Amino acid sequence: MPDVAVVTAAVARGLDDDLPLLEGALRGRGVAHRVVDWDDPSVRWEEMALVVVRSAWDYVRRPERFRRWAEAVAAVAPLRNPPDALRWSGDKRYLAELEAGGVPVVPTAFAAPGEAMDWPAAGEVVVKPAVSAGTLDTARYGPRAREQARAHVARLHRAGRVAMAQPYLAAVEGARAETGLVFIGGRFSHAVRKGPMLVPGKRVVADLFVEEEIAPADPTAAELDVAARALRAAPGGGAGLLYARVDLIPDDDGAPRVLEVELVEPSLFLGRHPAAADRLAETIGALVRPAAPR
Ligand SMILES: Nc1ncnc2c1ncn2[C@@H]1O[C@H](COP(=O)(O)OP(=O)(O)O)[C@@H](O)[C@H]1O
Ligand SMILES: [Mg+2]
(Lines give C-alpha, C1' and ligand atoms only; values in the text may rest on other atoms or scores of the structure.)
(Ligands and ions follow the chains in the order given, each with its own letter.)
Protein backbone atom coordinates (compact mmCIF):
# COMPACT_ATOMS: atom_id res chain seq x y z
CA MET A 1 0.00 0.00 0.00
CA PRO A 2 1.39 3.47 -0.83
CA ASP A 3 2.10 5.87 2.01
CA VAL A 4 -0.16 8.41 3.63
CA ALA A 5 1.61 11.80 3.59
CA VAL A 6 1.21 13.61 6.90
CA VAL A 7 1.92 17.22 6.03
CA THR A 8 3.79 19.61 8.28
CA ALA A 9 6.23 22.49 7.66
CA ALA A 10 9.95 22.79 8.28
CA VAL A 11 9.26 25.59 10.79
CA ALA A 12 6.76 23.42 12.70
CA ARG A 13 9.08 20.44 13.18
CA GLY A 14 9.22 19.53 16.85
CA LEU A 15 6.40 21.95 17.75
CA ASP A 16 3.31 19.99 16.68
CA ASP A 17 2.27 18.01 19.78
CA ASP A 18 -0.34 16.09 17.78
CA LEU A 19 2.14 14.70 15.31
CA PRO A 20 3.92 12.05 17.43
CA LEU A 21 0.54 10.88 18.79
CA LEU A 22 -0.90 10.54 15.29
CA GLU A 23 2.22 8.74 14.06
CA GLY A 24 2.04 6.29 16.95
CA ALA A 25 -1.64 5.64 16.30
CA LEU A 26 -1.04 5.13 12.56
CA ARG A 27 1.75 2.68 13.37
CA GLY A 28 -0.58 0.90 15.79
CA ARG A 29 -3.09 0.42 12.99
CA GLY A 30 -0.48 -0.55 10.42
CA VAL A 31 -1.07 2.50 8.21
CA ALA A 32 2.12 3.26 6.25
CA HIS A 33 2.87 6.95 6.41
CA ARG A 34 5.51 9.59 5.97
CA VAL A 35 5.80 13.05 7.57
CA VAL A 36 6.65 15.63 4.89
CA ASP A 37 6.89 19.41 4.57
CA TRP A 38 4.19 20.91 2.34
CA ASP A 39 6.70 22.95 0.35
CA ASP A 40 9.34 20.22 -0.06
CA PRO A 41 9.88 20.05 -3.84
CA SER A 42 11.19 16.46 -3.67
CA VAL A 43 7.87 14.98 -2.49
CA ARG A 44 6.05 12.99 -5.17
CA TRP A 45 2.46 13.68 -4.15
CA GLU A 46 1.08 11.53 -6.96
CA GLU A 47 2.55 8.47 -5.23
CA MET A 48 0.62 9.09 -2.01
CA ALA A 49 -2.45 7.09 -1.04
CA LEU A 50 -3.73 10.14 0.85
CA VAL A 51 -2.35 13.56 1.79
CA VAL A 52 -3.35 14.79 5.27
CA VAL A 53 -2.61 18.43 6.14
CA ARG A 54 -1.62 18.76 9.78
CA SER A 55 0.83 21.51 10.71
CA ALA A 56 1.51 23.59 7.58
CA TRP A 57 1.65 26.46 10.04
CA ASP A 58 3.54 28.91 7.83
CA TYR A 59 0.84 28.94 5.13
CA VAL A 60 -0.45 32.24 6.51
CA ARG A 61 2.75 33.90 5.33
CA ARG A 62 2.20 32.56 1.81
CA PRO A 63 -1.55 31.94 1.41
CA GLU A 64 -1.52 32.11 -2.40
CA ARG A 65 1.31 29.63 -2.68
CA PHE A 66 -0.48 27.30 -0.24
CA ARG A 67 -3.73 27.55 -2.21
CA ARG A 68 -1.92 26.64 -5.44
CA TRP A 69 -0.12 23.80 -3.62
CA ALA A 70 -3.44 22.39 -2.36
CA GLU A 71 -4.98 22.51 -5.82
CA ALA A 72 -1.94 20.87 -7.44
CA VAL A 73 -1.86 18.09 -4.84
CA ALA A 74 -5.62 17.50 -5.00
CA ALA A 75 -5.28 17.01 -8.77
CA VAL A 76 -2.99 14.00 -8.26
CA ALA A 77 -3.90 12.54 -4.85
CA PRO A 78 -6.80 12.59 -2.38
CA LEU A 79 -6.28 15.61 -0.10
CA ARG A 80 -7.79 16.08 3.36
CA ASN A 81 -9.20 18.34 4.16
CA PRO A 82 -10.44 18.81 0.58
CA PRO A 83 -9.09 21.89 -1.21
CA ASP A 84 -12.40 23.77 -1.21
CA ALA A 85 -12.58 23.37 2.58
CA LEU A 86 -8.97 24.57 2.92
CA ARG A 87 -9.68 27.61 0.77
CA TRP A 88 -12.89 28.49 2.63
CA SER A 89 -11.45 28.09 6.12
CA GLY A 90 -8.21 29.93 5.30
CA ASP A 91 -9.98 33.30 5.15
CA LYS A 92 -12.17 34.39 8.08
CA ARG A 93 -14.57 36.13 5.70
CA TYR A 94 -16.53 32.87 6.04
CA LEU A 95 -17.82 34.42 9.29
CA ALA A 96 -19.99 36.79 7.22
CA GLU A 97 -21.36 33.79 5.33
CA LEU A 98 -22.14 31.93 8.54
CA GLU A 99 -23.91 34.97 9.94
CA ALA A 100 -25.98 35.35 6.76
CA GLY A 101 -26.95 31.70 7.19
CA GLY A 102 -28.19 32.30 10.73
CA VAL A 103 -25.23 30.79 12.63
CA PRO A 104 -24.30 32.96 15.64
CA VAL A 105 -20.80 34.39 15.13
CA VAL A 106 -18.66 36.95 16.92
CA PRO A 107 -19.85 40.22 15.31
CA THR A 108 -17.24 41.06 12.69
CA ALA A 109 -16.57 43.94 10.30
CA PHE A 110 -14.16 43.41 7.39
CA ALA A 111 -12.21 46.01 5.43
CA ALA A 112 -10.04 45.21 2.41
CA PRO A 113 -7.23 47.63 1.52
CA GLY A 114 -8.87 50.87 0.34
CA GLU A 115 -12.09 50.20 2.27
CA ALA A 116 -13.15 51.97 5.47
CA MET A 117 -13.66 49.90 8.64
CA ASP A 118 -17.18 49.85 10.09
CA TRP A 119 -16.07 49.87 13.75
CA PRO A 120 -18.10 48.34 16.57
CA ALA A 121 -20.08 51.15 18.22
CA ALA A 122 -18.24 51.30 21.55
CA GLY A 123 -16.06 49.41 23.95
CA GLU A 124 -12.96 47.35 23.48
CA VAL A 125 -12.16 46.05 20.00
CA VAL A 126 -10.01 43.31 18.51
CA VAL A 127 -8.17 43.85 15.21
CA LYS A 128 -6.76 40.94 13.22
CA PRO A 129 -6.08 39.93 9.62
CA ALA A 130 -8.74 37.86 7.78
CA VAL A 131 -6.01 35.35 6.90
CA SER A 132 -4.48 34.63 10.28
CA ALA A 133 -3.48 31.92 12.70
CA GLY A 134 -1.72 31.53 15.99
CA THR A 135 -2.98 34.89 17.32
CA LEU A 136 -0.25 36.64 15.29
CA ASP A 137 -0.92 40.25 14.18
CA THR A 138 -3.94 40.23 16.52
CA ALA A 139 -4.43 42.84 19.24
CA ARG A 140 -7.06 44.34 21.48
CA TYR A 141 -7.64 48.08 22.01
CA GLY A 142 -9.54 49.89 24.75
CA PRO A 143 -12.18 52.50 23.94
CA ARG A 144 -9.63 55.31 24.24
CA ALA A 145 -7.16 53.61 21.88
CA ARG A 146 -9.18 53.80 18.64
CA GLU A 147 -6.30 55.68 16.97
CA GLN A 148 -3.96 52.73 17.62
CA ALA A 149 -6.66 50.35 16.35
CA ARG A 150 -6.95 52.41 13.16
CA ALA A 151 -3.16 52.36 12.77
CA HIS A 152 -3.23 48.54 13.11
CA VAL A 153 -5.79 48.33 10.29
CA ALA A 154 -3.69 50.72 8.18
CA ARG A 155 -0.61 48.50 8.73
CA LEU A 156 -2.51 45.41 7.59
CA HIS A 157 -3.79 47.30 4.56
CA ARG A 158 -0.30 48.47 3.63
CA ALA A 159 0.74 44.81 3.66
CA GLY A 160 -2.14 44.09 1.24
CA ARG A 161 -4.18 42.20 3.86
CA VAL A 162 -7.90 42.27 4.61
CA ALA A 163 -8.45 43.52 8.17
CA MET A 164 -11.23 42.61 10.56
CA ALA A 165 -12.60 44.24 13.72
CA GLN A 166 -14.69 42.62 16.45
CA PRO A 167 -15.93 43.69 19.85
CA TYR A 168 -13.69 42.16 22.54
CA LEU A 169 -15.81 39.45 24.17
CA ALA A 170 -14.72 39.65 27.80
CA ALA A 171 -16.33 36.25 28.53
CA VAL A 172 -13.15 34.78 27.04
CA GLU A 173 -11.57 35.58 30.42
CA GLY A 174 -14.40 33.92 32.37
CA ALA A 175 -15.12 30.36 33.41
CA ARG A 176 -16.45 29.18 30.03
CA ALA A 177 -13.76 31.08 28.12
CA GLU A 178 -13.09 29.89 24.57
CA THR A 179 -14.17 26.34 23.79
CA GLY A 180 -12.70 24.41 20.88
CA LEU A 181 -14.78 21.47 19.66
CA VAL A 182 -12.79 18.87 17.75
CA PHE A 183 -14.49 16.74 15.10
CA ILE A 184 -12.89 13.66 13.55
CA GLY A 185 -14.41 12.02 10.48
CA GLY A 186 -17.42 14.32 10.80
CA ARG A 187 -18.22 13.31 14.39
CA PHE A 188 -17.65 15.23 17.59
CA SER A 189 -14.60 13.79 19.37
CA HIS A 190 -13.63 16.02 22.29
CA ALA A 191 -13.40 19.60 23.43
CA VAL A 192 -10.86 21.88 25.06
CA ARG A 193 -10.97 25.14 26.93
CA LYS A 194 -8.46 27.76 25.81
CA GLY A 195 -7.40 30.52 28.16
CA PRO A 196 -7.62 34.15 26.94
CA MET A 197 -4.88 35.03 24.46
CA LEU A 198 -5.08 38.82 24.34
CA VAL A 199 -3.73 39.34 27.83
CA PRO A 200 -0.33 40.66 28.91
CA GLY A 201 2.71 38.41 29.22
CA LYS A 202 2.02 35.98 26.37
CA ARG A 203 5.01 34.43 24.62
CA VAL A 204 5.28 34.01 20.83
CA VAL A 205 6.71 30.60 19.88
CA ALA A 206 9.04 30.41 16.85
CA ASP A 207 7.24 33.36 15.20
CA LEU A 208 4.37 30.93 14.56
CA PHE A 209 1.90 31.16 17.40
CA VAL A 210 1.25 32.66 20.80
CA GLU A 211 1.50 30.09 23.59
CA GLU A 212 -1.82 28.64 24.70
CA GLU A 213 -3.29 27.44 27.98
CA ILE A 214 -5.39 24.38 27.29
CA ALA A 215 -7.65 22.33 29.57
CA PRO A 216 -10.23 19.64 28.84
CA ALA A 217 -13.83 20.84 28.47
CA ASP A 218 -17.34 19.39 28.36
CA PRO A 219 -19.31 21.20 25.68
CA THR A 220 -22.90 22.24 26.36
CA ALA A 221 -25.73 21.15 24.06
CA ALA A 222 -25.86 24.73 22.72
CA GLU A 223 -22.13 24.65 21.90
CA LEU A 224 -22.45 21.30 20.13
CA ASP A 225 -25.40 22.61 18.15
CA VAL A 226 -23.68 25.83 17.03
CA ALA A 227 -20.49 23.96 16.07
CA ALA A 228 -22.43 21.38 14.03
CA ARG A 229 -24.33 24.15 12.25
CA ALA A 230 -21.08 25.96 11.44
CA LEU A 231 -19.64 22.79 9.91
CA ARG A 232 -22.76 22.21 7.83
CA ALA A 233 -22.20 25.68 6.33
CA ALA A 234 -18.71 24.69 5.11
CA PRO A 235 -18.29 23.77 1.42
CA GLY A 236 -20.19 20.62 0.48
CA GLY A 237 -22.11 20.78 3.76
CA GLY A 238 -18.95 19.76 5.59
CA ALA A 239 -18.90 16.34 3.88
CA GLY A 240 -15.45 14.86 3.43
CA LEU A 241 -13.92 16.66 6.42
CA LEU A 242 -11.33 14.41 8.06
CA TYR A 243 -10.79 16.83 10.95
CA ALA A 244 -12.26 20.12 12.11
CA ARG A 245 -12.15 22.39 15.12
CA VAL A 246 -14.82 24.97 15.83
CA ASP A 247 -13.91 27.64 18.40
CA LEU A 248 -16.66 29.39 20.32
CA ILE A 249 -16.78 32.28 22.79
CA PRO A 250 -19.88 33.13 24.84
CA ASP A 251 -21.41 36.57 24.25
CA ASP A 252 -22.62 38.86 27.06
CA ASP A 253 -25.77 36.71 27.36
CA GLY A 254 -23.72 33.52 27.64
CA ALA A 255 -24.76 32.25 24.17
CA PRO A 256 -21.95 30.63 22.18
CA ARG A 257 -20.72 32.44 19.07
CA VAL A 258 -18.34 31.15 16.42
CA LEU A 259 -14.89 32.71 16.60
CA GLU A 260 -13.26 30.41 14.11
CA VAL A 261 -13.92 27.29 11.98
CA GLU A 262 -10.51 25.71 11.59
CA LEU A 263 -10.34 23.24 8.70
CA VAL A 264 -6.79 23.91 7.50
CA GLU A 265 -4.28 22.91 10.14
CA PRO A 266 -5.93 23.08 13.56
CA SER A 267 -4.21 21.78 16.64
CA LEU A 268 -6.49 18.88 17.54
CA PHE A 269 -5.20 18.47 21.09
CA LEU A 270 -5.08 14.72 20.56
CA GLY A 271 -3.32 14.33 23.89
CA ARG A 272 -6.38 15.68 25.68
CA HIS A 273 -8.54 12.66 24.96
CA PRO A 274 -7.36 9.05 25.28
CA ALA A 275 -9.15 7.85 22.12
CA ALA A 276 -8.65 10.85 19.85
CA ALA A 277 -5.37 9.91 18.12
CA ASP A 278 -6.64 6.41 17.40
CA ARG A 279 -9.93 7.79 16.10
CA LEU A 280 -8.02 9.93 13.62
CA ALA A 281 -5.75 7.02 12.62
CA GLU A 282 -8.77 4.75 12.19
CA THR A 283 -10.53 7.29 9.95
CA ILE A 284 -7.36 7.73 7.88
CA GLY A 285 -6.97 3.94 7.63
CA ALA A 286 -10.54 3.59 6.39
CA LEU A 287 -9.86 6.18 3.68
CA VAL A 288 -6.85 4.34 2.26
CA ARG A 289 -7.84 0.70 2.69
CA PRO A 290 -10.08 -0.77 0.03
CA ALA A 291 -13.35 -1.99 1.52
CA ALA A 292 -13.17 -5.65 2.53
CA PRO A 293 -14.69 -8.00 -0.07
CA ARG A 294 -18.04 -9.45 0.91
N1 LIG B 1 -13.42 39.15 19.60
C2 LIG B 1 -12.63 38.58 20.49
N3 LIG B 1 -12.90 38.66 21.81
C4 LIG B 1 -12.09 38.09 22.75
N5 LIG B 1 -10.95 37.44 22.44
C6 LIG B 1 -10.63 37.34 21.14
C7 LIG B 1 -11.42 37.88 20.10
N8 LIG B 1 -10.84 37.62 18.92
C9 LIG B 1 -9.72 36.93 19.19
N10 LIG B 1 -9.58 36.76 20.53
C11 LIG B 1 -8.47 36.06 21.20
O12 LIG B 1 -7.41 35.93 20.28
C13 LIG B 1 -7.16 34.55 19.97
C14 LIG B 1 -6.88 34.38 18.48
O15 LIG B 1 -7.97 34.81 17.70
P16 LIG B 1 -8.62 33.90 16.57
O17 LIG B 1 -9.79 34.65 16.01
O18 LIG B 1 -8.90 32.56 17.12
O19 LIG B 1 -7.51 33.85 15.45
P20 LIG B 1 -6.35 32.77 15.12
O21 LIG B 1 -6.71 32.27 13.76
O22 LIG B 1 -5.09 33.56 15.14
O23 LIG B 1 -6.41 31.67 16.15
C24 LIG B 1 -8.38 33.80 20.46
O25 LIG B 1 -8.02 32.49 20.88
C26 LIG B 1 -8.89 34.66 21.62
O27 LIG B 1 -8.21 34.37 22.85
MG1 LIG C 1 -7.94 30.68 17.09
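With all protein chains kept in place, the per residue accessible area of segment 8-152 amounts to 46 square angstrom at a probe of 1.4 angstrom. Between GLN148 and ARG289, what is the FRET efficiency for a Förster distance of 51 Å, r being their Cβ-Cβ separation, to the nearest 0.05? Computed FRET efficiency for GLN148 and ARG289: 0.40.
What do you get for the angle between helix 63-76 and the principal long axis of the chain? Use alpha-carbon atoms, 0 to 90 degrees, nearest ten. That works out to roughly 20 degrees.
With angles folded into 0 to 90 degrees, how steeply does helix 221-232 sit against the dominant principal axis of the chain? Use alpha carbons for both and round to 10. It works out to around 70 degrees.
Taking the accessible area of the chain, probe 1.4 Å, and keeping the other protein chains in place, the carbon and sulfur fraction comes to 51%.
I'd like the FRET efficiency for ALA206 and ARG155, computed as 1/(1 + (r/R0)^6) with the beta carbon distance as r and R0 of 22 Å, rounded to 0.05. Calculated value: 0.50.
Each of ARG93 and ALA32 was given a label point 7 Å from its Cα along the Cα-to-Cβ line. The distance between the two points is 4.2 nm. Spin-label model, ARG65 to LEU136: label points 7 Å out along the Cα-to-beta-carbon direction sit 1.2 nm apart.
Of the residues ALA109, MET48, ALA239, the one whose Cα sits farthest toward the positive end of the charge dipole of the chain, with +1 on the Cβ of Lys and Arg and -1 on the Cβ of Asp and Glu, is MET48. For the pair ALA215 and ARG13, the difference between a 0.36 nm per residue extended length and the Cα-Cα distance amounts to 70.4 nm.
Dipole size of the chain about its Cα centre, with +1 on Lys/Arg Cβ and -1 on Asp/Glu Cβ: approximately 320 debye, rounded to the nearest 20.
Using the Stokes-Einstein relation with a Kirkwood hydrodynamic radius computed over Cα pairs, the translational diffusion coefficient of segment 172-294 at 25 °C and a viscosity of 0.890 mPa s comes to 157 µm²/s. In summary, the chain shows an alpha-carbon radius of gyration equal to 1.00 times the 2.2 N^0.38 Å reference for compact globular proteins. Take TRP119: with every protein chain present and a 1.4 Å probe, its accessible area is about 40 Å². In sequence order, segment 207-213 has phi-based couplings of 6, 10, 7, 8, 4, 10, 10 Hz under the Karplus curve 6.51 cos²θ - 1.76 cosθ + 1.60, θ = phi - 60°, and Gly or Pro positions carry x. Measure nothing but the geometry: give the 0 to 90° angle between the long axis through the Cα atoms of 276-288 and the longest principal axis through the Cα atoms of the chain, rounded to 10°. Taking Cα atoms only, the helix is inclined about 60 degrees.
Normalising the average separation of contacting C-alpha pairs (under 8 angstrom, six or more residues apart) by the number of residues puts the relative contact order of the chain at 21 percent. When the P(r) is computed for segment 105-180, the part past 16 Å accounts for 48% of the Cα-Cα pairs.
Farthest towards the positive end of the charge dipole of segment 201-294, among the residues VAL226, PRO250, VAL204, is the Cα of VAL226, using unit charges on the Cβ of Lys, Arg, Asp and Glu. Only protein heavy atoms count here; on that basis, with a 1.4 Å probe, MET197 has an accessible area of about 20 Å². Of the GluC sites (Glu not before Pro) found in segment 83-192, the ones in coil according to DSSP and having at most 15 other Cβ atoms within 10 Å of their Cβ are GLU115. Taking trypsin sites (Lys or Arg not before Pro) across segment 8-49, the ones in a DSSP loop with at most 12 further Cβ atoms lying within 10 angstrom of their Cβ are ARG44.
The values are calculated or read from the model by the stated rules, or taken from the named source; none is laboratory data. If you're wondering where the values come from, they're calculated on a predicted model, not measured in any experiment. A quick note on method: Cβ atoms are made from the backbone with ideal geometry, for glycine too, and the neighbour counts reach across all protein chains shown. These area figures cover heavy atoms from the full protein model, side chains too; ligands, DNA and RNA do not enter into them. Shrake-Rupley method; radii C 1.70, N 1.55, O 1.52, S 1.80 Å.
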